[in-house]
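Report on the structure given below.
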Amino acid sequence: MIGQFLENLTTTFGPMGPWMALGVVGAIAAAAVLPLMISRQPDPLDKLKAAAAAPARGAGGAGAQGTRGPVVKLRAESGPKKLERFAHFLEPQNQEELSAARLKLLQAGYRSRDSVRTFHLAQMVLGVGLMLLGMLYALVTAGDQMEMQTLALAVVMPGAIGYYLPTYWVERRRQTRQEEITNGFPDSLDLMLVCVEAGQSLDQSIIRVAEEIRTSYPALSDEYEIVAWEIKAGKDKVNVLRDMAERCGVTDISSFTTVLIQSATFGTSIADALRVYAAEMRDKRVMRAEEKANVLPTKLTLGTMMFTVPPLLIILIGPSVHNIVEVLGNGGL
């Protein structure tokens with residue numbers, strides 16, 4: 001029966017008939033499974049754990065609620081959570097993987113609460129969409145003449161490119177942002193030193209520096225503004241500085257936060273620490289420029305050999321080779 005069915009498919013649709021039927025069955029199966037994944041009920045074990053933890057929370061907050069009244073939310077919900085229902089398959093369930101993905105997106109400048117879910121949604125949509133486009137292109141353009149290996153490459157390669165395209169985009173944005181922060185950091189330290197020596201506190205100088213470098217280095221200005229607002233909100237300054245170093249992912253920022261933390265811990269002058277560290281950052285920027293200048297001749301060597309030497313050899317040796325070929329073609333000397 002199966003052989004007859006395959007033979008009928010081959011007769012009707014050609015040699016690609018069985019594969020087309022397999023693709024249709026796979027699409028139907030995916031369409032049938034996707035609603036089940038979306039509307040999946042919570043695990044009963046999680047319900048038992050939540051029920052067991054509820055009395056402990058009620059006992060801890062009963063006294064406060066009895067004397068102060070019901071708990072009031074201080075912040076309203078920020079609109080409908082469109083991706084909340086898809087969180088169980090749009091973000092890693094392992095806490096370490098989720099933290100690593102969130103940190104990478106933070107370093108790339110994506111601070112949204114749903115950034116991880118949006119990233120994985122983009123991977124899924126681009127991967128599946130480009131794979132379907134590749135399949136459609138292969139079936140329309142080649143038809144029966146395409147080999148199986150070529151068909152697999154035409155379908156799999158666009159899907160793989162679409163899946164890894166968001167990763168490449170985030171990594172490139174992260175590197176560009178870190179480079180911008182690294183280049184603007186020495187100038188921001190000089191401005192901060194001027195503000196501190198003029199009598200402003202560290203918090204006020206950070207706000208002023210964030211305003212002054214907004215046009216030239218917007219990424220670094222955003223980080224300084226986040227630090228200023230977190231300090232105003234009452235967060236511990238040490239934790240604020242460490243969070244800034246983690247968000248930036250730049251070695252110079254990490255060293256700078258360490259210097260400020262040590263200066264605040266031991267009671268030394270912040271102006272002296274900024275002066276020394278600003279001079280060191282300027283020297284490092286000069287050394288990075290010198291390093292790029294020293295590497296440039298090595299990079300140009302390959303281009304010189306590929307685009308200069310062959311034309312030169314053709315110009316110098318070409319006429320002689322042409323004359324030798326003509327002489328040999330005419331029967332010798």
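The values are calculated or read from the model by the stated rules, or taken from the named source; none is laboratory data. Since the structure is predicted, the reported quantities are computational estimates derived from the model, not experimental observations. FYI the Cβ positions are ideal-geometry reconstructions off the backbone, even for glycines, and counts take in every protein chain you see.
Being surrounded by 20 or more Cβ atoms within 10 Å (Cβ to Cβ) and of a type in the set (A, V, I, L, M, F, W, C) is the filter; apply it to region 169-194 and report the residue that is farthest from residue 289 (Cα to Cα).
170
Here is a list of conditions, (1) within 25 Å of residue 111 (Cα to Cα); (2) more than 29 Å from the chain's Cα centre (by Cα); (3) at pLDDT below 85, and residue 237 meets all of them except one; can you say which number that is?
Just one mismatch for residue 237, condition (2).
Of the numbered conditions (1) closer than 25 Å to residue 115 by Cα; (2) of a type in the set (D, E, K, R); (3) in a helix (DSSP H, G or I), residue 214 satisfies every one except a single condition; which is it?
The failed condition is (3).
So which pairs qualify, if the first residue must be in region 251-262 and without any contact (Cβ under 8 Å) to a residue 60 or more places away in the chain, the second must be surrounded by fewer than 16 Cβ atoms within 10 Å (Cβ to Cβ) and of a type in the set (D, E, K, R), the Cβ gap must be under 8 Å, and the two must be at least 6 apart or on different chains?
Correct list of pairs: 257/242; 261/242.
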